[in-house]
Amino acid sequence: MRLIHGRLISICSVIAMIAIAGTPAKADPPRVIATIAPLHSLVASVMAGVGEADLLLSGPVSPHDFALAPSDVRRIAAADLVIWVGAPLESFLVKPLDGAGDRQLSLLKVPALNAVPFDSGGNDGDRAGPDPHIWLDPVRAIAIVTAVVDRLSRIDPDNAATYRANAADISDRLAALDEAIRARLQPVASRPFIAFHDAYGYFSRRYGLQPAGYFAVDPQRRPGARTIARLADLVSAGTVACAFVEPQFDARIVEAIAAGQPLRIGRLDPLGVDLEPGPALYETLLKANTEAIADCLGGTG
Ligand SMILES: [Zn+2]
């Protein structure tokens, strides 16, 4: 009995010590929302040890045709910081973030990210404005991390040292990832391919890949007859031996063109819809896409 009593006392005193240690008014971590899983992953890495970032688009949805639910609008209104790519990708955020000032961070507006227009890829129908798929380039991901740290440190200076230490860590990892991707793709980089939608301009330029065209310049629109005919010609002429589908979009057009042709079909995921959201997602996503490209272009996929 004394033993039990003694143990009870020690448990109680531990609880009391925890309560006391937790008492000094430690500010809540900032409420941060990131729109897509790869951005959320980078933000989650920066915030490790401080708090958890919230992911706006989870599951197999495309930011190109997403609509906000009333609960999303409330989450956005309550956030200290919303991190998004920008109007060309998440057009549904333009209105809710109108006048949000420093409560929003549009990465396309960050000069260090050096956003550039779409490559037409030879397809008909160019789009105006910068290509929003900046996160697929790991070197630009380092600039994303820097922009996020700068803004977070400003709204939450108490944790700035942690954010900066995390960012230094992540940046080293991203630089190593860049090297690994370059080494993996170098042997197959010169072989042309067709991507499902025009999302891989930054990635392709970074590693010297040769996109020959896209089924969909804009994934919300079905490719026109001319685009399909031109891509089918590339395939039947043997110019292109590999085409990629994506989990978010209907792959039947790709399969129709591939029917009866020596066309390998690979799968690229620009968003990581099948992956567990969190700090590890970004690297896992880029490694999976790199393997898919190496396999399909290399003729083993
Ligand atoms: Zn896209």
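FYI, it's all coordinate maths here, none of it is from the lab. In this text the structure is predicted, and so the values were computed from the model without any measurement. Here Cβ is always computed from backbone atoms with ideal geometry, including for glycine, and neighbour counts include all displayed protein chains.
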Here P(r) for segment 32-181, Cα-Cα distances in 5 Å bins, as whole percents, is 2, 9, 19, 21, 21, 15, 8, 4, 1, 0, 0
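With the cut-off at 25 Å, report for segment 188-298 the share of all Cα pairs above it, as a whole percent. Mind dumping the intermediate values first?
On the way: 1092 of 6105 pairs.
Distances greater than 25 Å cover 18 percent of the Cα pairs.
Let me have the relative contact order for the chain, percent, based on Cα pairs under 8 Å that are six or more residues apart.
Working: 447 pairs, mean separation 56.7, N = 301.
It comes to 19 percent, rounded to a whole number.
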Going highest first, how would you order 199-210, 258-269, 35-46, 61-72 by mean Cβ packing within 10 Å?
35-46, 199-210, 258-269, 61-72
Loop-only GluC sites (Glu not before Pro) in segment 202-293, please: DSSP not H, G, I, E or B, and at most 11 other Cβ atoms within 10 Å.
none
Mind putting a number on the dipole of the chain about its Cα centre? Charges go on the C-beta only, +1 for Lys and Arg and -1 for Asp and Glu, and I need it in Debye to the nearest 20.
300
For segment 32-181, percent of DSSP beta bridges that are antiparallel (nearest 5) comes out at 10
Post the alpha-carbon centroid distance, segment 258-301 to segment 50-72, in whole angstrom.
23
Charged-residue dipole, Cβ positions (Lys, Arg, Asp, Glu), segment 188-298 about Cα centre, Debye nearest 20
440
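Among DSSP beta bridges lying fully in the chain, give the percent that are antiparallel, nearest 5. If you can, show how the numbers build up before the last one.
Values: 1 of 18 bridges.
In the chain, approximately 5 percent of DSSP beta bridges are antiparallel ones.
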What ³J(HN,Hα) values, in whole Hz, does the Karplus curve 6.51 cos²θ - 1.76 cosθ + 1.60 give for segment 172-178 when θ = phi - 60°, with x put for Gly and Pro?
4, 5, 5, 5, 5, 4, 4
Is there a quick way to get the dipole size of segment 100-256? I mean about its Cα centre, with the Cβ of Lys and Arg at +1 and of Asp and Glu at -1; what is the value in debye to the nearest 20?
160
Given only helices, namely DSSP H runs of n ≥ 4 each adding -39500 (n - 2.57), what is the per-residue ellipticity at 222 nm of the chain, to the nearest 500 deg cm²/dmol?
-14000 deg cm²/dmol
Just the number: Rg to Rh for the chain, Cα atoms, Kirkwood Rh, two decimals.
1.08
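Order 237-248, 89-100 from most to least packed using the mean count of other Cβ atoms within 10 Å.
Peptide ranking by packing, descending: 237-248, 89-100.
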